[in-house]
Amino acid sequence: MKNYPNQASSFWRLRDTLQTISDLNAQGLDVDDDGVLGYAAARKGAYTFRGLTNPTTQDLDARIAVERQKPSGSQGARTFARELRRTLRDMGWLDGSTQLTADGQALLDSEANSVEEQALLVEGLLNIEAVDRDGHAHHPVRTMLQLLAHKPSMMRMGLELALEPEDDSAAELARITALYDMRADDRLQALDITDFQRANAVKIFPTLSEYAGLVVEEDGLWSLSQDGWRVLGLPQNTPAQAAQAIRQRRGRRTTVGRLVNIVTAGQRRATRPPRALTPEEQHRAYERLAERTDAHQGIVRRIWAHIGQGRGDMFEDEFSYDLLFVPTDEAESAVLFEMKSITNETDAYARVRHAVGQLVYYEYFNVAPSLNGRSIDKITAFDSEIPEPLVEYLTALGIGALHSAKGADVVALNPLGQAFLDRLQ
């Protein structure tokens, strides 16, 4: 397995170190001197000394004086400087003379947490190459995204394989995907690495990719975000194209449509949205979590079972849409579902009104950007029949309606719902 520096364990270390380099260059100081950069980064707060919490200037001066008495190879600030320089160069933010590139300067000029900052970070991460002693190179962040597209990772297990491929070929991806499916102990043995090496290998790429909005971590489960799916689906797969796609998406959409099967569909019930959502997105996600009662999830499972396996991919997003069916045949429309459990006639009107707004909103913001122009049909499914005026309302809006009661067959409530059922024959 290839090695890669793991000192860039947070985005703020990268950004603050880049700012430190800019400042040192402006002063005419030698940024290629590990001592100059390392101890300047310590004073900036980008590098921190073990045991020093909220140090004063005097505390830092005293500690730096002690550190400088050690052999150069034992000075952590020097190691930090060397590794951060390499990472920033690999991301395309520093040139060979350790001057900021146009993208590096643009990063510093961007507003914190802005779309532009996100786009530049995505491009930088996808630029990173890991190279072995024989000169074989691959792009570890893209490899990691491909593994997460195969299946999510619990506690980053298996994501060390982002540094395993010899190159970016399909054959190498198939090889490491087989390793990814192994038990953790068997995988370590196959890779011939220690658990300490594995832990170092997963320090930076998942963390930075989460900040970049490409992945989501929820209670230890790491998954692709909508932006992550979008980046993987780009036809040319270039870092610059990925950055442009982020800009066009108008900002982070960090909830994720998880690939599910007949066993996992409608099973997982999160308790809170991802931390990276905006306050408005957090509010909307909490509303969605509250809707996912046992009755609601039962409709999800029954619709999944009626569609059956082998027809295409099925996705759930606990924080936005209920179910997304993407048929294997690309000529067929994808189908976005909204499920509603109905208690009485008055409740039916409120539930249908909510369903329409949710379908339209999540189609535009969460689904369409990931499907590259593919047509999308919208379907509602209820566990009780709904009044005829509501059926007519859904039909007039071009939305299909299905009835899926526990222990009964799925039946259509309008012609659009029937057209979907006919597709499954």
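The values are calculated or read from the model by the stated rules, or taken from the named source; none is laboratory data. All values reported here derive from a predicted model rather than from experimental measurement. Don't worry about glycine lacking a Cβ; one is built from the backbone with ideal geometry, like all the others, and counts go over all protein chains shown. All accessible areas refer to the heavy atoms of the entire protein, side chains included, with ligands and DNA or RNA removed. Shrake-Rupley method; radii C 1.70, N 1.55, O 1.52, S 1.80 Å.
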statement: Residues whose modelled amide H sits under 5 Å from the amide H of G312, counting only those 5 or more places away in sequence or on another chain, are T328
message: Multiplying the sequence separation of L221 and Q58 by 0.36 nm and subtracting their Cα-Cα distance, what value in nm do you get?
response: 54.5 nm
- line: Taking every other residue with Cβ under 11 Å from the Cβ of A46 and scoring Lys and Arg +1, Asp and Glu -1, one gets +3
message: Need the full-extension length gain, A405 to D134, defined as separation in residues times 0.36 nm minus the C-alpha distance. One decimal, nm.
response: 91.4 nm
field: Rg/Rh for the stretch 305-425, where both radii come from Cα atoms and Rh is the Kirkwood radius
entry: 0.94
task: Calculate, for the chain, the solvent-accessible area per residue in square angstrom, rolling a 1.4 angstrom probe over the heavy atoms of the protein chains.
output: 45
task: Name the residue farthest towards the positive end of the dipole of the chain from the options G357, T293, A65, assuming +1 on Cβ of Lys and Arg, -1 on Cβ of Asp and Glu, about the Cα centre.
output: A65
- request: Determine, from the Cβ-Cβ distance of L179 and H354 and an R0 of 45 Å, the FRET efficiency 1/(1 + (r/R0)^6), rounded to the nearest 0.05.
  value: 0.55
query: Based on the Cβ-Cβ distance of L108 and N6, what FRET efficiency does E = 1/(1 + (r/R0)^6) give at R0 = 25 Å, to the nearest 0.05?
result: 0.60
- prompt: Say the dipole of the chain comes from +1 at the beta carbon of Lys and Arg and -1 at that of Asp and Glu; which of A137, I376, G45 then lies farthest toward its positive end?
  reply: G45
statement: Listed by chain and number, the residues whose amide H is under 5 Å from that of D383, excluding neighbours fewer than 5 places away on the same chain and using placed H, are K340, I342, S404
- line: Interchain or sequence-distant (5+) residues whose placed amide H lies within less than 5 Å of the amide H of V410 are none
message: Could you compute the net charge surrounding S10? Neighbours are other residues with a C-beta less than 13 Å from the C-beta of S10; K and R count +1, D and E count -1.
response: +1
statement: Placing +1 on each Lys and Arg Cβ and -1 on each Asp and Glu Cβ in the chain, then taking the dipole about the Cα centre, the residue among A408, V31, S110 whose Cα reaches farthest towards the positive end is V31
Rounded Å value of the spacing that divides the Cα centres of the stretch 37-80 and the stretch 343-420: 60
query: Does anything in the stretch 28-54 have its amide N under 12 Å from the 7 Å Cα→Cβ label point of S97, and if so which residues?
result: none
Pairs beyond 24 Å (Cα-Cα), from K44/K203; K340/K378; K378/K406; K151/K340; K44/K70: K151/K340
query: How big is the Cα convex hull of the stretch 69-129 in projection, averaged over all directions, in nm²?
result: 5.3
- prompt: In debye, nearest 20: dipole of the chain around its Cα centre with unit charges on the Cβ of K, R (+) and D, E (-)?
  reply: 740
task: Quick one: Debye curve from the alpha-carbon atoms of the chain only, equal weights, vacuum; give me log10 I(q)/I(0) at q = 0.07, 0.09, 0.13 Å⁻¹ to two decimals.
output: -0.42, -0.65, -1.12
- prompt: Using the Cβ atoms and a cut-off under 12 Å, what net charge is assigned to the surroundings of V335, where Lys and Arg are +1 and Asp and Glu are -1?
  reply: -2
